[in-house]
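Trainee: I'd like to ask you about the structure that follows.
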Amino acid sequence: LGTNKTKESDTVLKIGMMVKQNLEQAFEKVITTREDDKYYSLDYRSSKANKENCDYFVSIHMNSATNKSAKGVEVWVYEKSKLYTLSKNICSNLSKTINTPNRGVKISKSFSVLRKTKMPALLIEIDFISNSSVEASLKSDKYIKDISDSISKSLLAFVNKSIVDDG
């Protein structure tokens, strides 16, 4: 929760659904772990991806910190794999798009969805919901669309495609 009670789950669901739409318009198959405001365990999410034999696993989040001035995008990966360059591009593009610091790509063996998925996985921390200026920006439909489009463009560029302009 942000200081003003903005729910991370609502925000990232909205962004995720927009990313899904963008990718599907470019004829990419997208399997989601949730499409409504229902909680699913991390084990369920990685198991579903494994059962579906997904090519990649992308997890979208908002970060939080006790330091309320913390700001910036970061992407977590399990190891320096073929998603490392994509992760760097997501950080760089989101940082420019929403004018937030680029905290870079970080490696962790502890995140469940990175550890338990059979396919290459990444976890995007868009920015800090605990920062009141970031939280306030999340009320803007344009800001949400900018985030979604930035993530979508980075993902599509990875498979040599571009976002379909809906005119």
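Trainee: Of PRO120, LEU23, THR3, which is farthest on the positive side of the dipole of the chain, counting Cα position, with +1 on Lys and Arg Cβ, -1 on Asp and Glu Cβ, and the Cα centre as origin?
Mentor: PRO120
Trainee: Now for a separate question. With an 8 Å Cα cut-off and a minimum separation of 6 or more residues, compute the relative contact order for the chain in percent.
Mentor: RCO, the chain: 33 percent.
Trainee: What distance in nm separates the simple spin-label points at GLN25 and ALA157, each placed 7 Å from Cα in the Cβ direction?
Mentor: 1.8 nm
Trainee: Whenever you get a sec, line up VAL105, VAL75 from highest to lowest accessible area (probe 1.4 Å, protein heavy atoms).
Mentor: Largest accessible area first, the residues go VAL105, VAL75.
Trainee: Which option, (i) 1.82; (ii) 0.97; (iii) 2.05, is the value of Cα Rg over 2.2 N^0.38 Å that was calculated from these coordinates?
Mentor: Answer by label: (ii).
Trainee: Under a point-charge model restricted to the Cβ atoms of Lys and Arg (+1) and Asp and Glu (-1), what is the dipole moment magnitude of the chain relative to its Cα centre, in debye to the nearest 20?
Mentor: 560 debye
Trainee: Express the carbon and sulfur contribution to the solvent-accessible surface of the chain as a percent, rounded to the nearest whole number, probe 1.4 angstrom.
Mentor: 49 percent
Trainee: At 1.4 Å probe size, with no ligands or nucleic acids counted, give the accessible surface of ASP36 in Å², nearest ten.
Mentor: Roll a 1.4 Å probe over it and ASP36 shows about 80 Å².
Trainee: Next up: As a check on your grasp of the helix formula, calculate [θ] at 222 nm for the chain: sum -39500 (n - 2.57) over DSSP H runs of n ≥ 4, divide by the residue count, round to the nearest 500. Before the final figure, lay out the partial values.
Mentor: Numbers: 6 runs with 70 residues, N = 167.
The per-residue figure over the chain is -13000 deg cm²/dmol.
Trainee: A further question on this structure: Any of LYS51/LYS88; LYS80/LYS153; LYS51/LYS142; LYS5/LYS142; LYS14/LYS68; LYS109/LYS139 with alpha carbons more than 31 Å apart? Name them for me.
Mentor: LYS51/LYS142; LYS109/LYS139
Trainee: Ok, one more. With the crude spin-label approximation of a point 7 Å out along Cα→Cβ, what separation in nm comes out for TYR84 versus ASP146?
Mentor: Output for this residue pair reads 3.1 nm.
Trainee: Ok, one more. Choose one of ASN63, ILE163, ILE144: the residue whose Cα lies farthest towards the positive end of the charge dipole of the chain (beta-carbon charges +1 Lys, Arg; -1 Asp, Glu; about the Cα centre).
Mentor: Of the listed residues, the answer is ASN63.
Trainee: Between rounded, prolate and oblate, where does the range 93-167 land on the alpha carbon gyration tensor, with a ≥ b ≥ c its root eigenvalues, rounded for a/c under 1.5, else prolate if a/b exceeds b/c? The partial results should precede the final answer.
Mentor: Working: a/c = 2.16, a/b = 1.15, b/c = 1.87.
Oblate is the answer for the range 93-167, as a/c is 1.5 or above yet b/c matches or exceeds a/b.
The values are calculated or read from the model by the stated rules, or taken from the named source; none is laboratory data. All figures in this text were calculated on a predicted structure; none of them were measured in a lab. Here the Cβ is made from the backbone with ideal geometry for all residues, glycine too, and neighbour counts use every protein chain on show. Note: accessible area is taken over every heavy atom of the protein model, side chains too, but ligands, DNA and RNA are not part of it. Shrake-Rupley method; radii C 1.70, N 1.55, O 1.52, S 1.80 Å.
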